[in-house]
Amino acid sequence: MNGVTPLLEHVAPLFLVASRMLGLFMTAPMLNSLNLPRQVKVLLGVSLAVAAYPIAGPQAQIGAEQLDLFSLAPILFGEALIGSIIGLLASLPLILIQLAGYLAGYQMGL
């Protein structure tokens, strides 16, 4: 158990990074394609979260008093919401280009 204790302090911050990445993968362009299976999206999101976790730094650390489920759930929801907003902002230019093409095609009678 002594060898596992240092790893336990990294579980909650890794979940926070993973929830933001998975929120991003839900809404980002080309990543929320129906051709990409859901399991692959989750695997890519979690592997990217593991790769990005060391960059998060010490500000991502959560104290031991915040490790219960009721205080961690709103934080996880907030991180997923931030990831979703980032994905929506990334897809906004593509949506606008698609809308402009639709309107131009409608005006030309295509």
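The values are calculated or read from the model by the stated rules, or taken from the named source; none is laboratory data. These figures come from a predicted structure and were not determined experimentally. Cβ coordinates were reconstructed from backbone atoms using ideal geometry, including for glycine residues, and neighbour counts include every protein chain displayed. Heads up: the accessible areas ignore ligands, DNA and RNA and are worked out on the full protein's heavy atoms, side chains in. Shrake-Rupley method; radii C 1.70, N 1.55, O 1.52, S 1.80 Å.
For the range 1-32, how many residues meet the condition of being open to solvent by 40 Å² or more (accessible area, probe 1.4 Å) and assigned to a loop (DSSP other than H, G, I, E, B)? Total satisfying the criteria: 9. Counting the residues of the range 75-110 that are assigned to a helix (DSSP H, G or I), open to solvent by 80 Å² or more (accessible area, probe 1.4 Å) and more than 11 Å from Thr27 (Cα to Cα) gives 12. Yes or no: Gly78 among the small types (Gly, Ala, Ser), out of contact with any His (no Cβ under 6 Å at 6 or more places or on another chain) and at pLDDT 90 or above? Criteria met by Gly78. Taking interchain pairs and intrachain pairs at least six residues apart, which have beta carbon atoms under 8 angstrom, with the first residue in the range 40-56 and among the hydrophobic types (A, V, I, L, M, F, W, C) and the second modelled with pLDDT under 90 and not in a helix (DSSP H, G or I)? Sorted first by the residue in the range 40-56, then by its partner, the pairs are Leu44/Leu31.
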